[in-house]
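Below is one structure, written out as structure tokens; comments come after it.
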Amino acid sequence: MNYIILDLEATCWKDRSVQKQNEIIEIGAIKMNDSGESSSEFCEFIKPKINPTLSDFCIELTTITQNEIDNAGTYNEVIERFKKWINLDEPYMLCSWGFYDKKQFQKDCELHNLDTDWLQNHVSLKHQYADIKNLKKPIGMGGALKKENLTLEGTHHRGIDDARNIAKIFQANLGKWKIKE
Ligand code: AMP
Ligand code: MG
């Protein structure tokens, strides 16, 4: 099985009551085998369709620059490359910290009239982690890293760095996740 440990960043605004549609601007992902060895990484920016200009808040939160977004591929192009990289012909499981990433993929695929079937193989490591550790409720990635005595490396809220940090939590609990295709 290929475990695709992923994290998305999306357009956002300081005032969350503003009714604007969030769109993915970065996909960060690590491919891991059953032994917890990572064979490759995927990191691409995406140019949003509805709001291609990032808010100052979003730039500050993610550290992603307007220039990186201006030079990025469209959603359709990047998703095509991402699906090829995953290799949908081999058994795979999309793993993210919570259900946000799956929901955001679904929204963006619908916006671009793309199929969403490939998103069915998904688990929330955040919810599984709470089960494994007998926590009353799911905790954030930062809290889980602390519990594991792991350091938060890179820049929090950069998709690829978040994915690498989630991958470390995944590796630290190898064999405990309940993941079946
Ligand atoms: P994360 O994986 O925690 O970096 O968050 C993914 C996306 O959720 C970000 O790219 C933002 O679009 C949104 N987000 C996360 N934290 C905040 C926040 N404090 N305020 C507004 N949006 C946020
Ligand atoms: Mg993130």
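Worth pointing out:
- Prolate/oblate/rounded call for the stretch 73-175, Cα gyration tensor, a/c under 1.5 rounded: prolate
- For GluC sites (Glu not before Pro), the sites in the stretch 1-108 that DSSP calls loop and that have at most 10 other Cβ atoms within 10 Å are Glu37.
- Highest-MSF residue in the chain out of Leu145, Leu94, Leu135 [GNM, Cα springs under 10 Å]: Leu135
- Checking the cross-link pairs Lys31/Lys178; Lys20/Lys168; Lys14/Lys83 against a 26 Å limit on the alpha carbon distance flags Lys20/Lys168; Lys14/Lys83 as lying beyond it.
- Cα gyration tensor shape for the stretch 35-90, rounded if a/c is under 1.5, else prolate or oblate: oblate
- Global geometry of the stretch 1-52, whether rounded, prolate or oblate, following the gyration tensor of its Cα atoms and the 1.5 cut on a/c: prolate
- Full extension of the segment from Ser17 to Glu90, taken as 0.36 nm per residue of separation minus the current Cα-Cα distance, would add 22.2 nm.
- Set of aspartates and glutamates near Lys146 by C-alpha distance (under 15 Å), chain-local residues within fewer than 8 positions excluded: Asp162
- In percent, rounded to a whole number, the relative contact order of the chain is 27, using alpha-carbon pairs under 8 Å and six or more apart.
- Note on the chain: along the principal axes its Cα atoms extend 42, 36, 26 Å, ordered by decreasing extent.
Every read-out reported here was derived from the displayed coordinates using simple, explicitly stated rules and does not represent laboratory data. Keep in mind the model is a prediction, meaning the values are calculated, not measured. So basically every Cβ, Gly included, is an ideal-geometry build from the backbone, and we count neighbours across all protein chains shown.
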